[in-house]
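Read the structure below first, then the notes.
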Amino acid sequence: EGGAAEKDQTVPVEKLGEGVHLILGGYACLVIEMKDHVVVNEGPKSKARGKAVIAEEKRLVPNKPIRYVVNTHTHIDHSSGLRAFVSEGATIITHQSNKAYLEKVLNAPHTLAPDAMSASKNTPRFETASDRKVLTDGNRIVELHHMKDFGHHEGMLLVYLPKEKVLLEADAYNPAAQPPTGPSAVISPYNLSLLDNVARLKLDVERIIPVHLPADNRNVTLAEVRRVAGRS
């Protein structure tokens, strides 16, 4: 751990609302400030990326611990930063079907290249979601929803902020570098599933945060997904 790869991590930030920050500079993460703690959504890419996001979170929201890190699904590029959050004492929230796998990989011996989690001696803690889970401090609400009929991963979670009308999603819509002007030549079933789930859950979405951000960091809307999927 450490070295050039870690030093290369950059974390530009966009403020989405009071106490809600979007971490850019790679795979997207949401930092959500609650009354006495912080919720980070996604621990992706690598331990170095996780540490960089944590360092930025501490700058943005000093004196509040990261109580939860939400994992959308178990694919390696979306879970490889979780060890950094475990070292901070954060509890991992994931779909119930993901828990056994994450417990196994996070508790496996990690002796060849000891990291912050090894040094902390923390063991992973979990809370799971089934169809729906709500995090709240009595004021702010964070909704976690299980994606139905989604072929990419059976344990995928959506993260929805009803006040901000923001939806974080992973791999259901990975935007192209430039805004689309019409439907894709081949319509993605993942895009269709995202639209179907938003409709099923009756979510009022003004902005989508794809964990795989577009190269131009543009504001991605539901209308853009409908356009690409031929449903505009």
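The values are calculated or read from the model by the stated rules, or taken from the named source; none is laboratory data. What you see is a predicted model; the values in this text were computed from it and never measured. Cβ placement follows ideal geometry from the backbone for every residue including glycine, while neighbour counts extend to all protein chains displayed. Heads up: the accessible areas ignore ligands, DNA and RNA and are worked out on the full protein's heavy atoms, side chains in. Shrake-Rupley method; radii C 1.70, N 1.55, O 1.52, S 1.80 Å.
Remind me, what semi-axes does segment 103-167 give for its equivalent ellipsoid, largest first in whole Å, using sqrt of 5 times each Cα gyration tensor eigenvalue?
Semi-axes (√(5λ), whole Å): 30, 18, 10.
What would the Debye formula give as log10 I(q)/I(0) at q = 0.14, 0.15, 0.22, 0.24 Å⁻¹ for the alpha-carbon point model of segment 30-87, no solvent?
-0.32, -0.36, -0.76, -0.89
No solvent, one uniform scatterer per C-alpha: report log10 I(q)/I(0) for segment 109-232 via the Debye equation at q = 0.16, 0.18, 0.19, 0.23 1/Å, two decimals.
Each listed q maps to, in turn, -0.83, -0.96, -1.03, -1.33.
Take every DSSP beta bridge with both residues inside segment 35-145 and express the antiparallel ones as a percent of the total, to the nearest 5.
Among the beta bridges of segment 35-145, antiparallel pairing accounts for roughly 30 percent.
Straight-line reach from LYS45: which lysines have Cα under 23 Å away, leaving out those fewer than 8 places along the same chain?
LYS7, LYS15, LYS58, LYS99, LYS104, LYS121
Just the number, please: Stokes-Einstein D of the chain in µm²/s, Kirkwood Rh from C-alpha pairs, 4 °C, 1.567 mPa s.
Numbers: Rh = 18.0 Å.
So the translational diffusion coefficient is about 72 µm²/s.
Please report the antiparallel percentage of DSSP beta bridges with both residues in the chain, rounded to the nearest 5.
The answer is about 60 percent antiparallel.
Between ARG218 and HIS110, with labels modelled 7 Å along Cα→Cβ, what's the label distance in nm to one decimal, could you check?
3.8 nm
Hey, with R₀ at 41 Å, roughly what FRET efficiency would HIS75 and LYS121 work out to, going by the Cβ-Cβ distance, to 0.05?
0.90
With all protein chains present, calculate the accessible area of THR181 using a 1.4 Å probe and round the result to the nearest 10 Å².
The accessible area of THR181 comes to roughly 140 Å².
When the C-alpha atoms of segment 1-108 are aligned to their principal axes, what extent does each axis show, in angstrom, from largest down?
36, 35, 21
For segment 136-176, what is the convex hull volume of the alpha-carbon atoms per residue, in Å³?
Measuring per residue, one finds 78 Å³ for the Cα hull of segment 136-176.
Suppose accessible area is computed on protein heavy atoms with a 1.4 Å probe; arrange PHE85, PHE126 from highest to lowest.
Descending accessible area places them as PHE126, PHE85.
Could you tell me, in Å, what Rg and Dmax come out for the Cα atoms of segment 87-126?
My reading of the Cα-based Rg and Dmax gives 10.7, 30 Å.
Given the -39500 (n - 2.57) contribution per DSSP H run of 4+ residues, what per-residue ellipticity at 222 nm results for the chain, rounded to the nearest 500 deg cm²/dmol?
After summing the helix terms and dividing by the residues of the chain, the value is -7000 deg cm²/dmol.
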